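The values are calculated or read from the model by the stated rules, or taken from the named source; none is laboratory data. Quantities reported herein were computed from a predicted structural model and do not represent experimental measurements. No Cβ is skipped: glycine too gets one built from the backbone with ideal geometry, and neighbour counts run over all protein chains shown.
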Amino acid sequence: MAQLSYINTGVKQTPDLTFNIPTDESVGAFLFDTSGFDKPFDSFPLLYHNFKDGQIQCIKNMDDALLLGIKNDGFLNNLLYYHLAQFFDFIGDNQAVYIAIADCSKDWDVLQYMQQQTSGRIFHIGVWTSQPIWNKKSDGTMGFTPLITDLQAQANEINGKIGVSTHAMVPLHIMLCGNTNYIGGDQIRYKQLPNAIELNCPKVSIALVQNGSQEVHQMQSNNPLQAPVSSLGLIMACLALCGAEESIASIEKCDLNKNEGFNNPEWGVGSTGTPMDSVHRVWTNTISSRGYIIPIDYEGLEASYFLSSDQTLCEGDFSTIANNRVMHKCRRAMCTALIPYVNSNHIYIPGTHNISATSIAIITDSINTILDSVMRNKQGQNQINGRVVTFLENDEILENDSISMKLEIGPVNYSGFLSEEVSHDIN
């Protein structure tokens with residue numbers, strides 16, 4: 001007969017206490033990198049007071065932005081005001097969004113700080129930076145700067161690598177609008193863009209999306225390294241509007257020009273901006289297949305423009321933002337279910353390298369119950385079709401006081417199951 005051992009003899013958390021890891025996938029944040037600007041806060045004392053040292057602020061409308069000192073007055077070449085106005089014009093008021101302004105020339109540690117300051121509320125961060133995405137390799141072809149992989153590394157620090165996560169389950173996705181106009185002085189030609197999917201960065205997406213109006217081109221000409229203005233505000237609004245299971249390329253919800261603020265769709269690539277109508281459909285499909293999100297239109301929908309996809313920079317189950325967001329939300333819910341069992345009595349059965357079948361059944365039921373409750377969109381519709389929780393053997397369970405599980409999730413808009421191994425402390 002197998003011998004029994006206690007992992008610990010702590011007391012289970014009081015049943016009437018509630019533990020809730022944030023699961024509202026509509027909440028996002030903007031990060032504006034000031035590294036290309038010289039003394040950006042000079043002459044803007046109120047903004048400096050509100051955003052110094054990486055402070056993050058939350059607003060729900062443009063009146064809140066005004067109180068923080070965000071005006072159409074030239075700060076950061078009006079980028080901050082432009083994108084926030086774009087965001088609220090598209091989505092309306094009363095949608096919480098966070099803002100951070102920081103010099104990210106040395107590192108992107110502010111991303112972790114943002115999630116810490118908001119107690120894990122952020123599901124997606126839209127990054128605007130004048131730092132280049134591409135460089136010229138020694139053989140003359142285009143390659144990538146460290147920007148994308150650095151952002152992926154930060155996302156991994158926040159919430160663990162895809163497939164293997166930890167008990168710190170506040171995962172997020174990063175939407176990058178970087179400098180797609182600069183490559184060391186050479187001309188950028190869209191047909192030469194390298195394949196971003198090969199970077200294998202599932203928690204990062206690249207948007208080549210801009211409204212090429214005269215106003216925007218004037219702003220771009222004054223940006224550091226003539227970095228594109230982009231349409232980050234519109235993309236962030238799409239992320240806020242769509243449920244975790246929905247694509248931000250949705251025709252129903254995400255017409256970028258629904259308020260006639262996106263009449264001049266372009267990619268923001270190279271000196272011409274690469275207007276959408278100057279690119280043949282074949283090349284549109286080719287560039288999209290390389291991992292870039294670009295503006296497209298559909299025959300029969302006049303003056304309506306949409307994102308080409310919700311592609312991430314990888315292949316497989318986590319190649320879409322929707323699949324990532326579904327798993328991110330499930331992991332947060334799972335963490336909420338597990339917290340009350342920390343420092344509870346768990347019987348360890350050496351022959352199975354696991355806790356007892358009774359404990360497994362109780363914990364599994366708690367996880368399934370909260371998944372069934374949480375995994376619904378704002379219309380009350382299910383976001384997943386199935387969920388399976390499997391406890392894995394852990395030879396070091398007595399040493400590290402953690403249980404290992406596999407979480408398998410079937411999103412409603414996906415034919416397969418997403419799988420992730422999870423390690424969670426119970427002491």
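Values computed for the structure shown
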read-out	value
Residue selected from segment 226-264 under the condition of a type in the set (D, E) and farther than 15 Å from E25 by Cβ, by the criterion surrounded by the most Cβ atoms within 10 Å (Cβ to Cβ)	D255
Close pairs from segment 95-124: first charged (D, E, K, R), partner part of a loop (DSSP other than H, G, I, E, B) and modelled with pLDDT of 95 or more, Cβ under 6 Å, at least 6 apart	D103/T34; D103/S35; R121/V27
Output for segment 241-256, where each listed residue is in contact (Cβ under 8 Å) with a residue 12 or more places away in the chain, out of contact with any Lys or Arg (no Cβ under 8 Å at 6 or more places or on another chain) and more than 20 Å from Y292 (Cα to Cα)	K253
Which numbered condition H217 fails, given (1) buried (at least 24 other Cβ atoms within 10 Å of the Cβ); (2) free of Cβ contacts under 8 Å to residues at least 60 places away in the same chain; (3) of a type outside the set (D, E)	(1)
Complete set of residues in segment 222-251 that are of a type outside the set (A, V, I, L, M, F, W, C) and assigned to a loop (DSSP other than H, G, I, E, B)	N223, P228, S230, S231, G243, E245, E246, S247, S250
Residue pairs meeting the criteria (Cβ under 6 Å; at least 6 apart or on separate chains; first more than 19 Å from V110 (Cβ to Cβ), in segment 42-58; second part of a loop (DSSP other than H, G, I, E, B))	L46/G69
Segment 67-83 - residue that is of a type in the set (A, V, I, L, M) and not in a loop (DSSP other than H, G, I, E, B) and, of those, surrounded by the most Cβ atoms within 10 Å (Cβ to Cβ)	L80
Output for segment 40-75, where each listed residue is at positive phi and over 23 Å from the mean Cα position of the chain (by Cα)	S43, G69, G74
Those strands (runs of 3 or more DSSP E) lying entirely in segment 84-151 with at least 2 residues within 18 Å of the chain's Cα centre (by Cα)	97-102, 124-132
